[in-house]
1. Which one is farthest from ligand 1 (Cβ to nearest atom) among residues in segment A:11-42 that are polar (S, T, N, Q) and over 19 Å from A:F167 (Cβ atoms)?
2. Test of understanding: among A:I24, A:I75, A:I18, which residue is away from ligand 2 (no atom under 13 Å from the Cβ) and open to solvent by less than 30 Å² (accessible area, probe 1.4 Å)?
3. Only residues that are charged (D, E, K, R) and either under 17 Å from the mean Cα position of the chain (by Cα) or away from chain A (no Cβ under 14 Å) (or both): list them for segment B:254-310, please.
4. Could you go through segment A:106-114 and let me know if any residue there is within 16 Å of ligand 1 (Cβ to nearest atom) and of a type in the set (D, E).
5. Here are some residues: B:S177, B:S169, B:S139, B:S210. Which one is within 14 Å of chain A (Cβ to nearest Cβ), among the polar types (S, T, N, Q) and buried (at least 17 other Cβ atoms within 10 Å of the Cβ)?
6. With a cut-off of at least 3 residues that are within 16 Å of A:S40 (Cα to Cα), name the helices (runs of 4 or more DSSP H) lying wholly within segment A:160-231.
7. Go through segment A:28-72 and give me each residue that's of a type in the set (S, T, Y), more than 16 Å from ligand 2 (Cβ to nearest atom) and closer than 26 Å to A:A102 by Cα.
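The values are calculated or read from the model by the stated rules, or taken from the named source; none is laboratory data. For clarity, every value in this text was computed on a predicted model and none was experimentally measured. No Cβ is skipped: glycine too gets one built from the backbone with ideal geometry, and neighbour counts run over all protein chains shown. Just the protein is used for accessible areas: all its heavy atoms, side chains included, with ligands, DNA and RNA removed. Shrake-Rupley method; radii C 1.70, N 1.55, O 1.52, S 1.80 Å.
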Amino acid sequence: MIRLDELTKVFGTPAGDITAADRIDMEVPEGEICVLLGPSGCGKTTTMKMVNRLVEPTSGRIFIDGTDVTKTDPITLRRRIGYVIQQIGLFPNKTVEENICAVPDLLGWDRKKSRSRAAELLELVALDPAVFLKRFPKELSGGQQQRVGVIRALAADPPVMLMDEPFGAIDPINREVIQDEFLRMQSEIKKTIMFVSHDIDEAVKMADRIAIFDSGKLIQYDTPDDLLAHPKNNFIADFVGGDRTLKRLRLITVEEAMMKDPPRVTADDSLSDAVAKMEEHGHQSIIMVGPRGRARGAIRLSDARGQKGRVGEHYSKLPTTVRINEDLRNAVSAMFSADETWLACVDDDGNYKGYITQRGITHILGATYRDQ
Amino acid sequence: MNRAASEDANVRTYEDDGFRDTDYQAAGRTRNRLKSGIDRLAGAMRLADAIGAGTLKRFNGVIYALALFALGAWAWASGILQSIWELRDDVIYLTFGEWRDVTEFLSGDFSATLQHIPLVLVSGLLAILVGVPFGVWLSRPYMARYAEALMQVLNVGTTIPTLAILALSMSVLGIGSLPAVFGLFVATLLPIVRNAYAGCSSVPSHLIESATGMGMTPRQIMMRVEVPNALFVIFAGIRTALAINVGTVPLAFLIGGGGLGELIFQGIALNDFGMMLAGAIPVALLAVFVDFLLAQGQYWLVPRGVNPLR
Ligand SMILES: Nc1ncnc2c1ncn2[C@@H]1O[C@H](COP(=O)(O)OP(=O)(O)OP(=O)(O)O)[C@@H](O)[C@H]1O
Ligand SMILES: [Mg+2]
């Protein structure tokens, strides 16, 4: 856990004093990612660097797991905090292995232990140790360097990580890949992380909580969904963007928004049974599933009413389905491109799990406003 | 802040044109110059390595062999070769000197005379041992305030011709090998200090930040990050410095320092072409040899990750 208490930094410059951090109060709970967000020069980096004492606070205090950082020896402190900078900062004179082992070496770990850990960590980010351990940084691509930069900070297994735009120096596509990779790692290692970004999309994706700064002040500190749904003032609303509700779509999975245990029919059911089921639920159509429960097709009320025969003879193909672990943004996109107001939701094996409607999505997005 | 200031400050490096580099202007020589210097150096050295490694095209080999043969034939016909051969004992003595003289000199008996190679070794090693640590020390953040001023002094020092340095040295220390060693030491020192300083202060600040952030002490940062990353530039400085050194040693004779200069200058004075060449040819060979050795050192000792040659 990281706690900042009235943290203030004033830089004295020839042109006058600059308050880069103005009485910041915040707490990053154990195992969570807190993203510091804000326009350029608002004090994100300064605030973060005070945690590992690369910048000494003018006043205020910082606690990591209850111990006052300002009273800890900075060298010892920094070896217990993983640190990643935007320029990555791999040492060009050292191999990938030596880079990863930098902190373990400082801590005097057994060589064998640290070297095998380096190999493990490389595998964690999908780099083959046999290929990469002995390479030098100049022999890596930008994305590979970034990965090595992150695992180097993880090498000594620090409980706390500080990351200053760690994925900034990379193209958008690879950035997504690395972000996903990192989130997967974090779900296992559960570090307490302070993460600087200036990209709202990255913040929404990575953060458990977002702290938005403006000229040295912490303006709002909330979960991504609350921040997007309830921006505190115009500055925040402008900063998160006019499409902020669309951004919230990313935060909700299909599973959370869908109607579960939906009615269904099989190919052998008669059309009159299907009609009865639809009328019972007030639906305009119903999904036909296969023998193992996979969504196979749909049958419309208007087509089935008054007809004789079996469902298997009259069903129509599904235009598209959406998987339950996707986010609502993908669901909405699929709905719009198929020109449908509802979609069948399936799991990874294609089993029919529920359905999602445009109304249901509107409803779940609006819930946060109705609760107030 | 200090570091940033010293980084942006003008740094000037020696390149392979150490002798001619007297058109010095303090302003506007920045790290870029250092970089392009390194590139040019790298190009030049790749060439030298190619020759050294014997990867000459056969065609070139034939031309060289023919030229060498023609030269040899001419030398033989004019009797120069014979007169060089007659001087062989002198050449060997003036090149290597005697071990006893070296030990005596090093143990403080400065009346002993150092000959050619001992002069190079003693003054060169001394300059490396003093120059590298001094340059690194100047690049420390707490020295930033004085470092630039000191570099200016060194720059002015470089514009003084080496012969004048020897003369000045003689006027203070008298005649013999001591003023020669001292003069050579001073002339060799400057490029070494400057490159060590420039190399260390041009290590990117984000490397320092990432090293500090992971909990290295200032000393660890210096030894594990700054010096290794500056090593290629430091080596380039040593190469230039020793080229100056080897080129100046013949002048040591003029202040009683010993060495092959004796044959060259006496050859000139006596109008004895053979004697002059008996001095000049080994001097030239030695210069090539020393640079070859250092090029190999630079190639193999500088870590691959920061070695543009590898
Ligand atoms: N060492 C320093 N001396 C003086 N002023 C500084 C120093 N470091 C930062 N500042 C000032 O403090 C303010 C906050 O800087 P900081 O680096 O924290 O911004 P940031 O939010 O990280 O911005 P960016 O997104 O551009 O990285 C800026 O106005 C900056 O000019
Ligand atoms: Mg910043």
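1. First, the residues of segment A:11-42 that are polar (S, T, N, Q): A:13, A:19, A:40.
Within this subset, residues satisfying the condition of being over 19 Å from A:F167 (Cβ atoms) are A:13, A:19.
Details: A:T13: 5, A:T19: 8 Å.
Only one residue fits best here, namely A:T19.
2. Details: A:I75 fails: open to solvent by less than 30 Å² (accessible area, probe 1.4 Å); A:I18 fails: open to solvent by less than 30 Å² (accessible area, probe 1.4 Å).
Going through A:I24, A:I75, A:I18 in turn, the sole match is A:I24.
3. First pass over segment B:254-310, keeping only residues charged (D, E, K, R): B:262, B:272, B:291, B:304, B:310.
Correct list: B:E262, B:D272, B:D291.
4. In the first step, residues of segment A:106-114 are kept if they are within 16 Å of ligand 1 (Cβ to nearest atom); the result is none.
No, segment A:106-114 contains no residue that is within 16 Å of ligand 1 (Cβ to nearest atom) and of a type in the set (D, E).
5. Numbers: B:S177 fails: within 14 Å of chain A (Cβ to nearest Cβ); B:S169 fails: within 14 Å of chain A (Cβ to nearest Cβ); B:S139 fails: within 14 Å of chain A (Cβ to nearest Cβ).
Result of the check over B:S177, B:S169, B:S139, B:S210: B:S210.
6. Details: elements: A:172-189, A:200-206, A:224-229.
Where helices (runs of 4 or more DSSP H) fall fully within segment A:160-231 and carry at least 3 residues being within 16 Å of A:S40 (Cα to Cα), they are A:200-206.
7. Applying the first criterion (of a type in the set (S, T, Y)) to segment A:28-72 yields A:40, A:45-47, A:58-59, A:67, A:70, A:72.
Imposing the further condition that a residue be more than 16 Å from ligand 2 (Cβ to nearest atom) reduces the set to A:58-59, A:67, A:70, A:72.
Residues satisfying the conditions are A:T67, A:T70, A:T72.
Yes/no matrix, rows are residues, columns are (1) among the charged types (D, E, K, R); (2) buried (at least 18 other Cβ atoms within 10 Å of the Cβ); (3) in a helix (DSSP H, G or I):
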| site | (1), (2), (3) |
| --- | --- |
| A:C42 | no, yes, no |
| A:K49 | yes, yes, yes |
| A:I62 | no, yes, no |
| A:P92 | no, yes, no |
| A:P104 | no, yes, yes |
| A:G108 | no, no, no |
| A:K112 | yes, no, yes |
